[in-house]
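Worksheet for the structure shown next.
The values are calculated or read from the model by the stated rules, or taken from the named source; none is laboratory data. What you see is a predicted model, and the numbers here were worked out from it, not measured in a lab. A quick note on method: Cβ atoms are made from the backbone with ideal geometry, for glycine too, and the neighbour counts reach across all protein chains shown.
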Amino acid sequence: QADHALTINLDQSDEAAQSVLWEVKSTFDTPSGQWVYKIHLDRARLKGKKLRLAECATCLANSMDQVMAGMAQANGGSRRNGGYYPFRLDLDDFRAAVRRAEVEIGSDFAAKITEHHLGHRLEWPHVKAMKELSNSGKHWELKVPKSSSHAIAVNAPNGRQKILQIPEGAFDSQDEFEFYRGPERLPESPMTIVLKHEISGLPAGLPKSPDLILESAFRYVENLVASAFTAVPRVC
């Protein structure tokens, strides 16, 4: 998919949600006799997404820990002994963490979460990024969401589309950019804003797109829970 916005239910196809962060404004400059079009970024609202992003990540991380608690209980122990889900990017580190957890969750469950982990290698970087986002919220060192626009696509009445490019970094230090100035008014038809959203401050090598991070991490966690229920229907 294309780049998306900063909450799970806020994506580029949602025009109402998109307009919350971005707005295109047009004015007529009388002295020059030209139409001026600018795109505006609501940076304060964007920064306000930091906490929501961390909350989404924490919900996913807590779900993994709840699986461990359920496995400990199903193994005859207490839920509080389940500990944290032993996610590690390095496979050897993961196996070592699972062996330590095996004391509480039992060998069958240890084998089950290892099988699940090995079957979802593509999601490992996204789960790691999700854990980083969750930790940033817990310690109030929230990662900064960034949003930028690459272009404006103007749809003409005849069906043809005109692409107006926006230079890289145009919104690094400003919240508004003039993307068109001319004597002719642009067609009064819907405009498409080509957006890019990313999270800054994550370790090198991890994905930056909030949409991809949350969707892939959700897939990993969803299948982990399903795997746990397969082992013991009432594990969670």
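So the values come out like this:
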quantity	calculated
Residue that is modelled with the highest pLDDT [pool: residues in region 192-213 that are surrounded by 18 or more Cβ atoms within 10 Å (Cβ to Cβ) and over 19 Å from Val127 (Cβ atoms)]	Ile193
Condition check for Leu206: part of a loop (DSSP other than H, G, I, E, B) and either under 27 Å from the mean Cα position of the chain (by Cα) or among the basic types (Lys, Arg) (or both)	yes
Restricting region 60-110 to residues that are acidic (Asp, Glu) and free of Cβ contacts under 8 Å to residues at least 60 places away in the same chain, the residue that is surrounded by the fewest Cβ atoms within 10 Å (Cβ to Cβ)	Asp92
Tally of residues being of a type in the set (Gly, Ala, Ser) and surrounded by 19 or more Cβ atoms within 10 Å (Cβ to Cβ) across region 111-136	3
Selected residue (criterion: farthest from Gly48 (Cα to Cα)) from residues of region 156-173 that are modelled with pLDDT under 90 and polar (S, T, N, Q)	Asn158
Region 143-164 - residue that is more than 16 Å from Trp22 (Cα to Cα) and under 25 Å from the mean Cα position of the chain (by Cα) and, of those, surrounded by the fewest Cβ atoms within 10 Å (Cβ to Cβ)	Val144
Gly137 small (Gly, Ala, Ser), modelled with pLDDT under 90 and on the phi > 0 side of the Ramachandran plot	no
Residue selected from region 24-49 under the condition touching a Leu at 6+ places or on another chain (Cβ under 8 Å) and in contact (Cβ under 8 Å) with a residue 40 or more places away in the chain, by the criterion surrounded by the fewest Cβ atoms within 10 Å (Cβ to Cβ)	Ser26
Residue that is hydrophobic (A, V, I, L, M, F, W, C) and at pLDDT below 95, where the choices are Ala129, Ala153	Ala153
Given (1) assigned to a helix (DSSP H, G or I); (2) at pLDDT below 80; (3) of a type in the set (A, V, I, L, M), number of the condition Ala5 does not satisfy	(1)
Strands (runs of 3 or more DSSP E) contained in region 90-201 and holding at least 2 residues small (Gly, Ala, Ser)	144-155
Test result for Ser216, of a type in the set (Ser, Thr, Tyr), modelled with pLDDT under 90, under 20 Å from Leu89 (Cβ atoms) and not in a strand (DSSP E or B)	no
